[in-house]
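Notes to accompany the following structure.
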Amino acid sequence: MFAVYAARIDPDRPLSGLELGERPEPDSREGWTTVTVKAASLNHHDLWSLRGVGLPADKLPMILGCDAAGIDEDGNEVVLHSVIGQTGHGVGPGERRSLLTEHYQGTFAERVSVPVWNVLPKPAELSFEEAACMPTAWLTAYRMLFTNAGVRPGDSVLVQGAGGGVATAAIVLARAAGLRVHATSRDAAKRERALELGAHAVHEAGARLPERVDAVIETVGAATWSHSVRSLRPGGTLVTSGATSGLNPKSMELNRIFFLEMRIVGSTMGTKDELRELLSFCALTGVRPVIDSVLPLDRAREGFERLERGEVFGKIVLTA
């Protein structure tokens, strides 16, 4: 079958290890099902995998892609939950909890095999392309906002780095849930797009906000960390799920964090139940993911190149 996969690891030139071509069909195993992929979406996780983060060389070649929507063996339209073995379902002795593309082959292929437990019904209201955006970026944003930040209608939130998949999802979800939404970007066009998506106010990166917010959604890392902490109200919550600009900020702002009793919460992906809630939320409210572009699987390299250059607003979707 045709697939997009990591053949080599290169921390400095990740796309040099990206290959497109034939790969073996998924193995059949008890408790698993093979899904015919209709759409899959790109994440920064896929670039990090090509750099060797979470993907050891002894697992190569590895088909990339965490997210997908497609048709299961019984003809049902489904969405995949990307965390394998979250409660032990589908994994054997000695196997461990893992994302697709770390220990198990991913979704950038004509077919992918996952435990039956990891398959959820696709709402009829969502297209395959829309549903394929949900399991990583949108699920991450959902968990950051409603589980880990614990925000409620009427609260205020700052979303750093408008344009990225998680940040874009957070803006849309926060506005739909009745929050006051601030968003930042270095790029004027991305700030304008954030307003169109529902942000109440947009700001240049590092700019002083007109109010201190109840929560900050932080995926940028070193470049925005100090601004995130300084934008929080006393007792507020900063939720972090990534660090695309680097892991080590110049200042951790520890004095402000402990003196103002702020909460710093790490967040990764989400649960199957949260994905089910997210899908239902989108189906019922009319909220839909922001799709930057849709490309056929054999043009995946173009999508990776645009993602690496930071030219994306929303999600890039690949169709098989």
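What follows draws every value from the coordinates through simple rules; no lab data is involved. In this text the structure is predicted, and so the values were computed from the model without any measurement. A quick note on method: Cβ atoms are made from the backbone with ideal geometry, for glycine too, and the neighbour counts reach across all protein chains shown.
Details
- Residue-span extension gain [A176 to R51] - 0.36 nm each, minus C-alpha spacing: 41.4 nm
- Footprinting exposure proxy ranking of L297, L209, L15, fewest other C-beta atoms within 10 angstrom first, gives L15, L209, L297.
- Gyration tensor (alpha-carbon) shape descriptor, the stretch 136-266, a/c threshold 1.5: rounded
- Dipole size of the stretch 136-266 about its Cα centre, with +1 on Lys/Arg Cβ and -1 on Asp/Glu Cβ: approximately 80 debye, rounded to the nearest 20.
- Sites E308 and A188, calculated FRET efficiency, Cβ-Cβ separation with R0 30 Å, nearest 0.05: 0.85
- Prolate/oblate/rounded call for the stretch 1-159, Cα gyration tensor, a/c under 1.5 rounded: oblate
- Footprinting exposure proxy ranking of T36, T219, fewest other C-beta atoms within 10 angstrom first, gives T36, T219.
- Potential lengthening between T319 and L284 on full extension [0.36 nm per residue; Cα-Cα distance subtracted]: 10.1 nm
- Rounded FRET efficiency, nearest 0.05, which uses the C-beta distance separating R152 from R299 and R0 of 25 Å: 0.05
- Using the Cβ-Cβ distance between E77 and S98 with R0 set to 25 Å, the FRET efficiency works out to roughly 0.45.
- Here the chain is treated with +1 on each Lys and Arg Cβ and -1 on each Asp and Glu Cβ, and its dipole about the Cα centre works out to around 1180 debye.
- When the chain is reduced to its Cα atoms, the Kirkwood hydrodynamic radius in Å: 19.8 Å
- Based on C-alpha pairs under 8 angstrom that are at least 6 apart in sequence, the stretch 136-266 has a relative contact order of 22 percent.
- Dipole check for the stretch 272-313: with +1 at the C-beta of Lys and Arg, -1 at the C-beta of Asp and Glu, and the Cα centre as origin, the magnitude is about 100 Debye.
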